[in-house]
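Written out below as structure tokens is the structure these notes cover.
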Amino acid sequence: MTGRIVLENLKHRPLRSLLSTLLIGLSVALILTLVGLSFGMSEDSQKRQSNSGADIIIRGPDASSILSAGATTIPEKLAPKLETMPHITKAMGIVSHSIDFPLVATGVDLTQLQKFNGGFTYLKGGPFQGQNDALIDERYAAQKRLKVGDHTKFFGDQQWRIAGIIAEGKMAKVAVPITTLQDINSAPKKYTQVFVKVDEPANVESVIAYLKKELPNYHIDSMADYLALFGLSKIPGVTPFLSVMIAVGVISGFLSVGLSMYMAVLQRTREIGILKSLGASKGFIIGIIEMEAMVLGIGGTVVGVVLSIGAHWLITALVPASLPLVVKPSWWPIAAAVALLAAALGALYPGLSAAAHDPIEALSYE
């Protein structure tokens, strides 16, 4: 009986119901898209670093505690010195330089890279042929519509020839000769960070302890610990940002449902009077209003999930390298809870207002 009343009320004013559902859906889509973007950027960074083949990462004293960014200050001579230390088999330095946030170009020595982890996998083209050659991964090539032999600009107006397109997920989206990037950074014979490979996994912690004594001012972490820094809970500002977005979703859903339900109550004053004259309790009236809101919340959640999947498809098609977005089904129940909470809160005042109507006044309402 109650369910039929709710459905008939929603069907009676389809445009209002549709707009309310859409507004809730937009809030849900906003939350899911931003969550997917946050996770996508974190997972993309973790994937590229984990595929470096390193056991330990060394960053300069000025480096960020989370990102590899920092001045290019580590002397080149440190890498061969590290290889003479106990249990260290290989050491390789790289240079980083921002292109367009969040993209970073990586300066590498391809010979060292080949020895360290087998080098890049070339899908098209091949290694650098000149100092102004660049390698780009397949996502960046698709985003910029670049192919081998094309020219593009990095770091302002500097021209670069695309020498090869590499498989994604290994250290760099954009790789250039290390000496060229050192010159751009005005830091010849300096690295931004150094990757270290150890003979046995069991020796990683002892090597880290030894290196921290030898290099007291440097940031030295196992690759596992370094990758953990890219978790969303460890990145400053991400958790508060997501909390604010969830709050925005609740407020947006609250306002849209509240306005919709309030207008519905005003339009159904006579109907409410009839129900009360037939013996409907205040709880029954509030229950009808809240149930309508729940239906709108459920519908908005479904719409929001569909819109977020559409946003994933669109962003992946347009800017796959700059904005690595992922779909996180584990967040769908959270988004649904946000939508239903917003709908319930939004319908509370209109429901109380409807329950408080005097049946005699309501029946005489025109």
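The values are calculated or read from the model by the stated rules, or taken from the named source; none is laboratory data. Keep in mind the model is a prediction, meaning the values are calculated, not measured. Note: ideal-geometry Cβ built from the backbone for every residue, glycine included; neighbour counts use all protein chains shown. Just so you know, the surface numbers come from the protein's heavy atoms only, side chains and all, with ligands and any DNA or RNA stripped out. Shrake-Rupley method; radii C 1.70, N 1.55, O 1.52, S 1.80 Å.
For segment 30-137, the tally of Lys pairs with Cα-Cα distances below 20 Å comes to 5, considering only residues 8 or more apart or on different chains.
Full extension of the chain segment joining residue 167 with residue 22 gains 48.2 nm, where the gain is 0.36 nm per residue of separation less the Cα-Cα distance.
Applying 1/(1 + (r/R0)^6) with r as the Cβ-Cβ distance of residue 145 and residue 213 and R0 = 45 angstrom yields a FRET efficiency of 0.35. Cα gyration tensor of segment 27-164, axes a ≥ b ≥ c as square roots of the eigenvalues: rounded (a/c below 1.5), prolate (a/b > b/c) or oblate? Oblate, because a/c is 1.5 or more while a/b does not exceed b/c.
Only aspartates and glutamates eight or more places from residue 282 in sequence, or on another chain, were considered; those with a Cα closer than 18 Å are 271, 290, 292, 358, 361. Residues 16, 139, sorted by accessible area with the largest first, give 139, 16 [1.4 Å probe; ligands and nucleic acids excluded]. Please say if segment 16-100 is rounded, prolate or oblate, where rounded means a/c under 1.5 for a ≥ b ≥ c the square roots of the C-alpha gyration tensor eigenvalues, and otherwise the choice is prolate for a/b larger than b/c and oblate otherwise? It is prolate, given that a/c is not under 1.5 and a/b is the larger ratio. Among 187-196, 303-312, sorting by the average number of other beta carbon atoms lying within 10 angstrom of each residue, highest first, gives 187-196, 303-312.
Against the criterion of solvent-accessible heavy-atom surface with a 1.4 angstrom probe, 140, 349 sort, most first, into 349, 140. The modelled label-to-label distance for the pair residue 244/residue 47, using points 7 Å beyond Cα in the direction of Cβ, is 2.8 nm.
Positive end of the dipole of segment 25-152 (Cβ unit charges, origin at the Cα centre): among 114, 52, 91, the Cα lying farthest that way belongs to 114. Each of residue 89 and residue 318 was given a label point 7 Å from its Cα along the Cα-to-Cβ line. The distance between the two points is 4.6 nm. Ordering of 332-343, 143-154 by packing is 332-343, 143-154, highest average first (other Cβ atoms within 10 Å, averaged per residue). Rounded, prolate or oblate: which fits segment 99-236 when a ≥ b ≥ c are the square roots of the eigenvalues of the alpha-carbon gyration tensor, with rounded for a/c under 1.5 and prolate only if a/b beats b/c? Prolate, since a/c reaches 1.5 and a/b exceeds b/c.
Hey, with R₀ at 45 Å, roughly what FRET efficiency would residue 205 and residue 157 work out to, going by the Cβ-Cβ distance, to 0.05? The computed FRET efficiency comes out at 0.45.
The label-point distance for residue 103 and residue 341, in a model that sets each label 7 Å from Cα toward Cβ, rounds to 3.8 nm. Compared with the alpha-carbon gap, the fully stretched path from residue 111 to residue 251 is longer by 44.8 nm at 0.36 nm per residue.
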